[in-house]
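First comes the structure, then the notes that go with it.
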Amino acid sequence: MSQQAREDQLQRKAVVLEYCTRRKRKERKRKSRGLSARQRRALRLFDIKPEQQRYSLFLPLHELWKQYIRDLCNGLKPDTQPQLIQAKLLKADLHGAIVSVTKSKCPSYVGVTGILLQETKHVFKIITKEDRLKVIPKLNCVFTVEIDGFISYIYGSKFQLRSSERSAKKFKAKGTVDL
């Protein structure tokens, strides 16, 4: 065959040089995992910056919380049963509530009042009117939440849950141990 005939034939046909067929691997889509607790602590995601630690910044959060509790308790009428309101407050989200410490084994915690900013399993973070962020452990403390004249006492030792876990938990009436 002449040179031109070979080139002409090569242009029309595909030439296979290897017989090894490689299968394409399907790339699995990996689910993006969130950050671990250690990474969140290192990034300081849940820390409140000192310039944001002002009581006046969180007053609108308190107003939202009051509206949330009124909607939850159907208006907080004076004739409603206190046990019913107490049961709803136990499962409610407390972020934005004005919380005060009434009893504690540590006397320096007693009398601290402020807006609840963060709640973890063992700790309440409260901003006071003096723009101070106080970290108060739940263990061995009794907290007071007041809404529209109704005062509710929260025993921190019985309350050692995350707020998401607390909303699904059934609370049983048990005797409380005085501090």
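The values are calculated or read from the model by the stated rules, or taken from the named source; none is laboratory data. Just so it is clear, the model here is predicted, and its values are computed rather than measured. Cβ atoms come from the backbone with ideal geometry, glycine included; neighbour counts cover every protein chain shown. Heavy atoms of the whole protein, side chains included, go into the accessibility calculation; ligands, DNA and RNA do not. Shrake-Rupley method; radii C 1.70, N 1.55, O 1.52, S 1.80 Å.
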I'd like the full set of residues that are open to solvent by less than 70 Å² (accessible area, probe 1.4 Å), assigned to a strand (DSSP E or B), farther than 29 Å from A37 by Cβ and in contact (Cβ under 8 Å) with a residue 40 or more places away in the chain, limited to the range 83-118.
I98, S100, T102
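Regarding I48, is this residue in a loop (DSSP other than H, G, I, E, B), in contact (Cβ under 8 Å) with a residue 60 or more places away in the chain and open to solvent by less than 90 Å² (accessible area, probe 1.4 Å)?
yes
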Which number in (1) touching a Phe, Trp or Tyr at 6+ places or on another chain (Cβ under 7 Å); (2) more than 14 Å from F159 (Cβ to Cβ); (3) at pLDDT below 90 marks the one condition that L84 misses?
(1)
Those residues that are surrounded by 15 or more Cβ atoms within 10 Å (Cβ to Cβ) and part of a loop (DSSP other than H, G, I, E, B), I need them from the range 123-141; list them, please.
K138, N140
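Give L72, L61 a once-over and let me know the one that is modelled with pLDDT under 95, of a type in the set (A, V, I, L, M), surrounded by 13 or more Cβ atoms within 10 Å (Cβ to Cβ) and farther than 18 Å from K49 by Cα.
Values: L61 fails: farther than 18 Å from K49 by Cα.
The conditions single out L72.
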Positions within the range 67-82 being in a helix (DSSP H, G or I), out of contact with any Asp or Glu (no Cβ under 8 Å at 6 or more places or on another chain) and closer than 12 Å to F150 by Cβ, in sequence order:
I69, P82
For the range 151-165, the count of residues that are open to solvent by less than 40 Å² (accessible area, probe 1.4 Å) and at pLDDT below 85 equals 3
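Given the residues S56, S36, S2, which is the only one that is modelled with pLDDT of 80 or more, closer than 30 Å to V99 by Cα and exposed (fewer than 10 other Cβ atoms within 10 Å of the Cβ)? Outline the logic, then answer.
Values: S36 fails: closer than 30 Å to V99 by Cα; S2 fails: closer than 30 Å to V99 by Cα.
It is S56.
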Hits in the range 64-82 - residues which are without any contact (Cβ under 8 Å) to a residue 24 or more places away in the chain and among the basic types (K, R):
K77
List the pairs whose first member sits in the range 119-147 and is at positive phi, whose second member is of a type outside the set (S, T, Y), and whose Cβ atoms are under 9 Å apart, counting only residues at least 6 apart or on separate chains?
D131/Q53; D131/R54; N140/K103; N140/K105; N140/C106; N140/G156; N140/L179
Residue pairs meeting the criteria (Cβ under 9 Å; at least 6 apart or on separate chains; first in contact (Cβ under 8 Å) with a residue 40 or more places away in the chain and farther than 18 Å from Q118 by Cβ, in the range 33-45; second part of a helix (DSSP H, G or I) and small (G, A, S)):
none
